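Taking it in order: structure first as structure tokens, then the write-up.
The values are calculated or read from the model by the stated rules, or taken from the named source; none is laboratory data. The model shown is predicted, which means the values in this text are computed figures rather than measured ones. Positions of Cβ are backbone-derived with ideal geometry, glycine not excepted, and every protein chain shown enters the neighbour counts. Surface areas here come from the heavy atoms of the whole protein model, side chains and all, with no ligands, DNA or RNA. Shrake-Rupley method; radii C 1.70, N 1.55, O 1.52, S 1.80 Å.
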Amino acid sequence: MENAGTVRIQYPDLIGTERGRDLPSEVFGSLSGGLHFCRAVYYTTTQGGTLDGEHSLSDGLPDVVFRPDRSTLAPMPWEPGYQSCLGDMLDPATGLAIGECPRGAVKAAVQRLSGLGSRAVIGPELEFFVLSGQDGAWTRYGDSSGNVYRVGHRGDPDGLAPALLTMLRAAELDVTAVNHEFAAGQFEVNLGHSTALDAADRAFRFKHAVREFVAQRGLTATFVGKPFNEEGGSGFHLHLSLLDEHGRNQFAAAGAPAGLSATARHAVGGILRHAPALCALLAPTVNAYRRLGPDTLAPALADWGMDNRSTMVRVPPERGASTRLEVRLGDAAASPYLAVAGVLAAVALGIEGRVEPTDPTSGYGYDGTRAPALPETLDAALDALVADDEFTEAVGKDLVAAFDRVKRDETARFRRWVTDWELREYLPHL
């Protein structure tokens, strides 16, 4: 790795896109004070517009400083001679992390849990579609149905899955499994569990690696949650456990109901209490709410259950050292940093407040009389986020304000757009 000729520095914005710059290795090696970028990148929309607001146009488009975290240096096997390096964004005047930095939000959540004597361990699972074609004429790769868990060339004619697995392992992403999902051209990848920041870093790098690897083959990988009306969606599930200072699982309690400790119950209670606000961070697009709903294998209610995949929080059947929660709310388009920071903030609030969850759901998890419904639109989720003062404070007021600013612009632009549904529904008849 020392001989790599180029280092790609990368950092997350607030819409889930990676930003960065490619540097010759000798330039990267000589960096001392960091690298400057325009802070308005955190107020940039998916369409490239720059929004006004504090630290943006109104303040004269000031700088921020990228400080590399050299512990994250890793190979980019799809680009020979390249390494990637993640880092944090600092205020050049104070040297402190800026409020909009998603990686900083994860660090803050980790610190808060540390004050409670807990260390989070997270295992991410992400789904995505592989497509050919271009805007308006997308075709799913391996376009045949009934491929869930199918291996080999019938559902993967070009052997994309094994090639992807080989590349991701070479990228040091600790991939534990790759499998075909339900829909044509849809895959799922499981990443090994690790500390919260490392898990978020690897999930972030993973999404970039998949997009780049697939693009080199003339294809497109998308983490959009619900790209096709007739197919299921793509999720981003987080497996979460807490360890004490001795590495013991704090969720396990042999002899307790369901084998779960009070800490586990309070963690669930915090996630459920702040579920509407969490929706904005874990389902952060207009499209994401097409994925959530009854009979979708995605949640519709703020509920939890024992080994129940129809609930928002599932408790897998393993106990002892493997006791954990699976948060199934996440849309694949979510930023790994905002998803991890949000869930950990809710967990910390639940533990601090000793929040008891409702009774776990058994059986069918879409009965709206048994648990509160999740927000059905991004606007409703954003309303819940800004109204949840306790959660906003825990995640970071500056980050939430910037995120809300960008996402309100997104929903406003969507409301003004004429959709293909309107044309099909009305044009021939009215």
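Numbers below:
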read-out	value
Criterion violated by E18 - all others in (1) touching an Asp or Glu at 6+ places or on another chain (Cβ under 9 Å); (2) touching a residue at least 60 places away in the same chain (Cβ under 8 Å) satisfied	(1)
The range 381-420: number of residues that are in a loop (DSSP other than H, G, I, E, B) and among the acidic types (D, E)	1
Failed item, numbered, when M167 is tested on (1) open to solvent by 10 Å² or more (accessible area, probe 1.4 Å); (2) closer than 24 Å to M312 by Cβ	(2)
Selected residue (only one of E326, E356, E318, E376 is in contact with a Lys or Arg (Cβ under 7 Å, 6 or more places away or on another chain) and assigned to a loop (DSSP other than H, G, I, E, B))	E356
Residue that is surrounded by the fewest Cβ atoms within 10 Å (Cβ to Cβ), among those in the range 154-164 that are within 27 Å of the chain's Cα centre (by Cα) and modelled with pLDDT under 90	D156
Exclusive hit being in a strand (DSSP E or B) and either surrounded by fewer than 23 Cβ atoms within 10 Å (Cβ to Cβ) or under 21 Å from the mean Cα position of the chain (by Cα) (or both), set V189, V210, V151	V189
Test: I9 is in contact with a Ser or Thr (Cβ under 8 Å, 6 or more places away or on another chain) and assigned to a strand (DSSP E or B)	yes
Leading residue by the ranking (nearest to V386 (Cα to Cα)) among those in the range 250-284 that are open to solvent by 30 Å² or more (accessible area, probe 1.4 Å) and of a type in the set (S, T, N, Q)	T263
Among the residues listed as G330, G350, G342, G368, the single one being open to solvent by less than 10 Å² (accessible area, probe 1.4 Å), farther than 20 Å from R265 by Cα and either small (G, A, S) or over 23 Å from the mean Cα position of the chain (by Cα) (or both)	G330
Residue within the range 124-131 that is within 23 Å of the chain's Cα centre (by Cα), within 26 Å of T392 (Cβ to Cβ) and buried (at least 19 other Cβ atoms within 10 Å of the Cβ) present	yes
Scope the range 42-57; condition under 22 Å from the mean Cα position of the chain (by Cα), open to solvent by 20 Å² or more (accessible area, probe 1.4 Å) and not polar (S, T, N, Q); matching residues	G48
Cβ-Cβ under 7 Å pairs, at least 6 apart or on other chains, the range 202-220 side within 18 Å of F236 (Cβ to Cβ), far side open to solvent by 60 Å² or more (accessible area, probe 1.4 Å)	R202/D174
Exclusive hit being hydroxyl-bearing (S, T, Y), more than 20 Å from L344 (Cβ to Cβ) and out of contact with any strand residue (DSSP E or B) (no Cβ under 9 Å at 6 or more places or on another chain), set T296, T220	T296
Count - residues of the range 67-85 that are among the small types (G, A, S) and open to solvent by 20 Å² or more (accessible area, probe 1.4 Å)	2
Which listed residue, of D22, D88, is among the acidic types (D, E), assigned to a strand (DSSP E or B), within 26 Å of F223 (Cβ to Cβ) and under 24 Å from the mean Cα position of the chain (by Cα)	D88
Condition check for T361: open to solvent by less than 50 Å² (accessible area, probe 1.4 Å), assigned to a loop (DSSP other than H, G, I, E, B) and either polar (S, T, N, Q) or farther than 25 Å from G123 by Cα (or both)	yes
Of the criteria (1) exposed (fewer than 14 other Cβ atoms within 10 Å of the Cβ); (2) under 16 Å from T285 (Cα atoms); (3) touching a Gly at 6+ places or on another chain (Cβ under 8 Å), which one P24 fails	(2)
The range 405-430: number of residues that are of a type in the set (D, E) and touching a residue at least 24 places away in the same chain (Cβ under 8 Å)	2
Checklist (1) crowded, with 24+ Cβ neighbours inside 10 Å; (2) at pLDDT 95 or above; (3) touching a helix residue (DSSP H, G or I) at 6+ places or on another chain (Cβ under 8 Å) applied to T311, failing item	(3)
